[in-house]
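The block underneath contains the structure these notes are about, expressed in structure tokens.
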Amino acid sequence: MEGKQADHGTASFVPVILVFGLLLAGMVLSCCCVGKETKNATSGQEKVAAVTILPQRDLVREIAGENWTVMVVVPPGADPHTHEPTATEIARLGRADVYFRLGPGLLPFEDVLVARLVAQNPGMLIVDTSAGIPLIHETGEETGGGAGEHGADPHVWLSPSGLRTMAENVFEGLSGRDPTHREDYRARTDAYLRRVDACEESIRKRIAGLEGRPFLVSHPAWGYFAREFGLSQVSINGEGREPTARELFQLVSYAREEGIRVVLTEPEFSARESEVIAREVNASVVVIDPLAPDVLLTLERMAKAIADSYVA
């Protein structure tokens, strides 16, 4: 009897273990599945955006959040005025859901690139980020944003008002492609606009009293900045060429007359002429990259350099 009772107890105990094991396995599988669903719901399907230049990349990232991958057409150190994407780069860009272009006619290669991308991916959304910004032309004439006329100054991101317009265009583009997250994009856009407001307020305080004063640059990239803050941009290398000896002499005389103490240059351009002028008028040479990713920091640095230019 004791043997049979022992056998009976063992037989009863085995199914209990099996049942418990099955329940435990089910709980583990259930937890795994829930975890996977939560992750997918949080991250969502990856969406891809393309932009022309680095400052646009950071702007799109600010508004898009983590669910978007942002590709840049013009790599760091390259000149947007002369850049030509390779066939491999175009093929890679062709998988983007949306392309945030700078604007029609602003960069030589962009119009051709947009046509090729649309032919490769007809479903790609094309967003003109400069739409609504009054453009500055080489003659100094202004036209309504989105005019698409060649010869306009392409540096539309280098002013607070330009950034506000671009941010709204990015918001509309992201919402058009991904309407489910429109409220998230709106909240992110509003947060970015508050940062732009704070940046503008800081700049106006820094350059207060300098309205109408000139600043000397190696390349005329700061026309929108000058227009916004009532300043005058004077370029050393005008019309895409180096100054003659006579022009250089005139610039030195002009800098002396105005009391300019800072000459601004860019990483992509030779600083030789800037250094000559700076040496002659006892000024400093300050390098500021208009293509740096953090545009708000770039604008703050520009304002400081201009203010320092008139420190006795």
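Among the residues in the range 91-100, are any surrounded by 10 or more Cβ atoms within 10 Å (Cβ to Cβ) and at pLDDT below 50?
No: the range 91-100 contains no residue that is surrounded by 10 or more Cβ atoms within 10 Å (Cβ to Cβ) and at pLDDT below 50.
Kindly indicate which of 112, 48 is over 22 Å from residue 164 (Cα atoms) and either modelled with pLDDT of 95 or more or crowded, with 16+ Cβ neighbours inside 10 Å (or both).
Result of the check over 112, 48: 48.
Tally up the residues in the range 234-265 that are of a type outside the set (Gly, Ala, Ser), more than 15 Å from residue 310 (Cβ to Cβ) and assigned to a strand (DSSP E or B), please.
Residues that pass the stated criteria total 1.
Return yes or no: is residue 226 under 24 Å from the mean Cα position of the chain (by Cα) and either without any contact (Cβ under 8 Å) to a residue 12 or more places away in the chain or not assigned by TED's automatic domain parsing to the domain that holds residue 301 (or both)?
Answer is yes for this residue.
Please give the number of the condition residue 196 fails out of (1) assigned by TED's automatic domain parsing to the domain that holds residue 268; (2) buried (at least 18 other Cβ atoms within 10 Å of the Cβ).
Every listed condition holds for residue 196 apart from (1).
Looking only at residues that are over 16 Å from residue 166 (Cα atoms) and of a type outside the set (Asp, Glu) in the range 51-69, which one is surrounded by the most Cβ atoms within 10 Å (Cβ to Cβ)?
So the residue we want is 68.
Might you check whether a residue that is of a type in the set (D, E, K, R), at pLDDT 95 or above and either in contact with a helix residue (DSSP H, G or I) (Cβ under 7 Å, 6 or more places away or on another chain) or on the phi > 0 side of the Ramachandran plot (or both) occurs anywhere in the range 221-232?
Within the range 221-232, one or more residues are of a type in the set (D, E, K, R), at pLDDT 95 or above and either in contact with a helix residue (DSSP H, G or I) (Cβ under 7 Å, 6 or more places away or on another chain) or on the phi > 0 side of the Ramachandran plot (or both).
Residue by residue through the range 166-189, note down the ones that are among the charged types (D, E, K, R), surrounded by 13 or more Cβ atoms within 10 Å (Cβ to Cβ) and part of a helix (DSSP H, G or I).
Within the range 166-189, 168, 172, 177, 182, 184, 186, 188 meet the criteria.
Filter the range 88-105 for residues that are among the charged types (D, E, K, R) and not in a helix (DSSP H, G or I); which is farthest from residue 127 (Cα to Cα)?
95
Restricting the first residue to the range 106-121 and requiring it to be assigned by TED's automatic domain parsing to the domain that holds residue 91, which pairs with a second residue that is exposed (fewer than 15 other Cβ atoms within 10 Å of the Cβ) and of a type in the set (Ser, Thr, Tyr) meet a Cβ separation below 8 Å and a spacing of at least six or different chains?
108/82
Regarding the range 89-98, can at least one residue be identified that is among the basic types (Lys, Arg) and touching a residue at least 40 places away in the same chain (Cβ under 8 Å)?
Yes, some residue in the range 89-98 is among the basic types (Lys, Arg) and touching a residue at least 40 places away in the same chain (Cβ under 8 Å).
The values are calculated or read from the model by the stated rules, or taken from the named source; none is laboratory data. No experiment lies behind these values; they were computed from the predicted model shown. Glycine also receives a Cβ, built like all others from the backbone with ideal geometry; neighbour counts cover every protein chain displayed.
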